[in-house]
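Please treat every number below as a calculation from the coordinates, not as lab data. A quick note: this is a predicted structure, and the numbers were derived from the prediction, not measured. Neighbour counts are summed over all protein chains in view; Cβ atoms, including those assigned to glycine, are modelled from backbone coordinates with ideal geometry.
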Amino acid sequence: MTPRITFAVAARVLTQIRRDHRTLAMLLVLPCLLISLLWWMFDGPAAGPSPMFDRFGPGLLAIFPFMVMFLVTSVTTLRERSSGTLERLLAMPMGKVDFLLGYAIAFGVLAAVQSLLAVVLSVYVLDLEVDGPVWLLGVVAVVDAVLGTALGLFVSAFANTEFQAVQFMPLAVVPQILLCGLFVPRPALPDVLQVISDLLPLSYATDAMTDLKHGEETAQIFGLLGIVAGFAVGVLILGAATLRRRTA
């Protein structure tokens with residue numbers, strides 16, 4: 001790994017996305033729109049505070065950044081490979097780790113902005129009640145979004161077209177959403193599904209968000225955060241091992 005090359009890749013990705021207004025809007029605006037839509041559906045502007053949004057809000061802050069970053073990263077990386085850009089980059093004195101870390105840093109910056117917007121909207125505009133520190137809510141959202149980026153980088157190695165990359169969502173994302181505890185508390189799941197849920201990183205991000213809402217110990221939150229970060233690092237390592245120079 002060469003830091004100069006890694007940060008050059010990150011700067012290139014950020015410049016490219018800044019010029020792509022649709023992708024930028026999807027990254028920064030879409031999670032806020034989805035959270036606002038669900039707040040409107042649960043509460044409505046005339047309904048007053050409701051436990052419905054307070055119940056689902058923390059989980060949504062875990063799910064939407066993860067989902068959007070997965071989708072954008074997987075499609076963008078595949079586009080780089082199918083267009084031959086990745087092959088030209090790797091022909092230079094740059095390794096796979098430089099490429100993946102550069103992407104992770106670039107999308108990590110975007111994830112930080114995305115998560116900050118979503119947290120500020122949820123807490124200060126939509127009145128989501130959080131007993132724990134709000135700044136830690138943002139940290140969990142950022143790490144969760146980075147996990148989505150890492151997973152998107154990983155699955156892009158197994159797709160040959162952008163449509164195939166999107167098809168990985170039902171396999172890699174939807175089961176995590178269903179089993180993360182948002183709809184049914186994880187302890188109430190059937191035993192087999194509890195075991196599967198324990199193996200999925202989004203479960204721990206959702207647990208961290210829920211614990212923050214109820215004001216649990218900060219050490220407990222950081223423990224869950226460490227698990228999510230560990231999954232992200234592990235998936236990045238797998239991504240480096242499976243990254244192909246070009247689409248066959």
### Summary
Restricting to Cα pairs under 8 Å and 6 or more apart, the percent relative contact order of the chain works out to 28
### Query
How much FRET efficiency would the formula 1/(1 + (r/R0)^6) give for Arg55 and Leu116, where r is the Cβ-Cβ distance and R0 is 30 Å, rounded to 0.05?
0.85
### Query
Sorted from fewest to most neighbouring beta carbons within 10 Å, what does the list Met169, Met69 look like?
Met169, Met69
### Query
Tell me, in nm to one decimal, what length is gained between Met26 and Val125 on full extension, where the rule is 0.36 nm per residue of separation less the Cα-Cα distance?
33.6 nm
### Task
Quick one: angle between helix 30-42 and the longest Cα principal axis of the chain, in degrees between 0 and 90, rounded to 10, please.
20
### Message
If I fit a long axis through the Cα atoms of helix 218-242 and take the longest principal axis of the Cα atoms of the chain, what angle between them do I get, 0 to 90°, rounded to 10?
### Response
30
### Task
Pick out, from Leu60, Ile105, Thr15, the residue whose Cα sits farthest towards the positive end of the charge dipole of the chain, with +1 on the Cβ of Lys and Arg and -1 on the Cβ of Asp and Glu.
Thr15
### Query
Can you sort Ser115, Ser74 so the residue with the fewest Cβ neighbours within 10 Å comes first?
Ser115, Ser74
